[in-house]
Amino acid sequence: MTDFEMIICRCEEVTYGELIKTAEEFNCTARELKLRTRAGMGYCGGRTCRPMVDKAARGPEISKDTEITLKYQPPLRPISFGRLGGKEK
Amino acid sequence: MTDVIVIGAGPAGLSAAAVAAEKGLNVLVIDEYMKPGGRLLGQLYEEPDGSWWNGIEESAKLFNRAAEAGVTIKLQTPVNNIETTADGIWSVYTEEETFVTRHLLIATGAAEAPVPVPGWTLPGVMSVGAAQVMTNVHRVKPGNRGVIIGINVLSAAIAMELKLAGVEVASLSLPGKNSMTEESADPRKVLNSLLHVSHMAPSPLVRFGSRFLQNDIMKKLGVSFFPKNGVKMWDIPVQLRKAVIEIYGENEVEGVVMANVTSDGEVIKGTEERITADFVCIAGGLYPLAELAAVAGCPFYLIDELGGYVPLHNEQMETTLKGLYVAGNITGIEGAKVAAAQGTTAGLTIARNSGIHGLVKEIQLAIQSIKQTRDNASIQFHPEVKKGREIIQEKWEEHARALEGTGSEVTSEAEAGG
Ligand SMILES: Cc1cc2nc3c(=O)[nH]c(=O)nc-3n(C[C@H](O)[C@H](O)[C@H](O)COP(=O)(O)OP(=O)(O)OC[C@H]3O[C@@H](n4cnc5c(N)ncnc54)[C@H](O)[C@@H]3O)c2cc1C
């Protein structure tokens, strides 16, 4: 297996190759890279791949030192559909 | 309504909870794990003075102190969101229930950074912290013979813990270089960072290297002369000139492909060899787990010396948001004793802000004690951690001045809000 085939985002099955190529082609920020490839948008909310998506990104981030590049969104942990819908089990 | 809610039952959270409860407040601690103690639970190492630091015992002490003071501890309860309302009340959301308080401490600790290596999705590959928890907390061997990818303070300490448990560590080596492994794949940078951690636990490695490292030229030589087969640390080969370029196996880990690398970390073609192993640990280092502070809206700064993005806070552990505090590794990566000292400070600050008088002196002493603990720490994750602490303090002062400029009132209670 080569670097290019290795999986970076497990939930959405996004490979290293896909991330690097997309970042090169669109010269994109971490957020754009996430939206284009879906890396970090799966079940776990990017808990593993977030730092790697950040590193693959190339475009100029808006004030990278003072703002987290990839926004955190609640819920920070998986919640069952029943709970979200407010329906009793 | 609870007077104080603490998220995280690690050394920082438990210390804060105990102190606040001892001052007469009612305190609820929430943690997603099934045992109290946080990352302290897995720690087991020999101190420079020859005594042993046993995380399970230390966690029990902290837990007992908190329990005796009347703290309620709710385990196996992940917090998935926090929110504040205009009247200064914080809501803490968990799957089953929502809790409210006026004083909320986030002490969620650190997370492990990933190091991608081809084949790392095979069963049998785990983070080095997972191997530590399996071995020291659950007393289950992660395997019989492992390879650790990533050479840093944490992986060196855990390699030794594995060895103590009778698990063979075939090698501690670098990851292959790619655009995501960067510094952790550069032999010179890795050696350099290890050598600056002067009183780090694996001292044989430090002693070996420091002979070469008087200046920059010597640093290069240090890596160049690094023996091809590595140096042995407690009989474990530490290989700064070899990198794992692939993890292989049919249905699970069967071994790794290792290759020699140049002093810049470039793979030397034709030197690949296969090493058998039944588990592999990935060790990319730690970063502050600050997700809850991020959803709350805290301003952040990227400070490498502290391990990543940290929420803006002052020495008393207040954030810029009213009623929100942080302590422990969320403020920067350091050992458990520093985290506990920060927790004590946070607990006192919360007590003072809740209207308990006569704590000013005690808070000052607690802040001093954080610094002393840092100076005497036997484990240090970043050589420049003190500089990192100064940077965040400067940022806090800048922030306070900016608020003064706009006419907002800044008090020691961080009432400015944000
Ligand atoms: C894998 C690993 C190994 C380490 N090994 C060492 C070592 O050998 N020596 C050393 O000195 N330091 C080590 N550290 C550093 C360690 O972080 C500190 O020693 C210390 O434990 C930090 O204390 P803390 O209270 O800040 O956080 P922690 O001890 O990490 O405690 C944080 C707690 O918060 C909980 N939590 C986090 N998020 C949520 C949430 N959303 N909802 C509910 N609960 C939550 C966690 O379950 C955890 O129990 C290690 C860290 C890690 C991650």
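The values are calculated or read from the model by the stated rules, or taken from the named source; none is laboratory data. Fair warning: this is a prediction, and the values are worked out from it, not measured in the lab. Neighbour counts run over all protein chains shown; Cβ positions are idealised from the backbone, glycine included. Each accessible area value is taken on the protein alone, full model and side chains, heavy atoms only, with ligands, DNA and RNA left out. Shrake-Rupley method; radii C 1.70, N 1.55, O 1.52, S 1.80 Å.
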Inset, instruction - Under a cut-off of 16 Å between alpha-carbon atoms, report the lysines in cross-link reach of residue B:74, not counting same-chain residues fewer than 8 places apart. - result: B:35
Legend entry - Overall dimensions of the protein assembly as shown as given by Cα atoms, namely Rg and Dmax in Å: 22.9, 71
Inset, instruction - May I ask for the longest run of chain B untouched by trypsin sites (Lys or Arg not before Pro) that are loop-located per DSSP and have at most 12 neighbouring C-beta atoms (other than their own) within 10 Å? - result: B:270-418
Inset, instruction - From largest accessible area down, sort B:49, B:186; use a 1.4 Å probe on the protein chains. - result: B:49, B:186
Inset, instruction - Please tell me the relative contact order of the stretch B:297-405 in percent, rounded to the nearest whole number, where contacts are Cα pairs under 8 Å and at least six residues apart. - result: 30 percent
Legend entry - Cβ-Cβ FRET estimate between residue B:121 and residue B:75, R0 fixed at 22 Å, reported to 0.05: 0.15
Inset, instruction - Based on a Kirkwood Rh over C-alpha pairs, give the Stokes-Einstein translational diffusion coefficient of the stretch B:85-194 at 4 °C and viscosity 1.567 mPa s in µm²/s. - result: 77 µm²/s
Legend entry - Reach of residue B:361 by Cα under 30 Å, taken over lysines that are not fewer than 8 positions away in the same chain: B:23, B:61, B:322, B:337, B:371, B:386, B:387, B:395
Inset, instruction - Nearest 5 is fine: what % of DSSP beta bridges in chain B come out antiparallel, could you say? - result: 55 percent
Inset, instruction - Using Cα pairs closer than 8 Å and at least 6 residues apart in sequence, work out the relative contact order for chain B, in percent. - result: 18 percent
Legend entry - Principal-axis tilt of helix B:55-68 within chain B, Cα atoms, nearest 10 degrees: 10 degrees
Inset, instruction - Determine the percent antiparallel among the DSSP beta bridges restricted to the protein assembly as shown, to the nearest 5. - result: 55 percent
Legend entry - J(HN,Hα) series, the stretch B:150-162, from Karplus relation 6.51 cos²θ - 1.76 cosθ + 1.60, nearest Hz, glycine and proline x: x, 10, 7, 4, 5, 5, 5, 5, 6, 4, 5, 4, 4
Legend entry - Max mean-square fluctuation residue, GNM over chain B, Cα-Cα springs under 10 Å, options B:32, B:404, B:252: B:404
Legend entry - Percent RCO, i.e. relative contact order, over the stretch A:3-84, from Cα pairs under 8 Å lying at least 6 residues apart: 28 percent
Inset, instruction - Distance between Cα centroids, the stretch B:331-353 to the stretch B:19-41: provide it in whole Å. - result: 12 Å
Inset, instruction - Please report, in cubic angstrom per residue, the volume enclosed by the convex hull of the alpha-carbon atoms of chain A. - result: 102 Å³
Legend entry - Sum of -39500 (n - 2.57) over DSSP H runs of 4+, divided by residues of chain B (222 nm, nearest 500): -9500 deg cm²/dmol
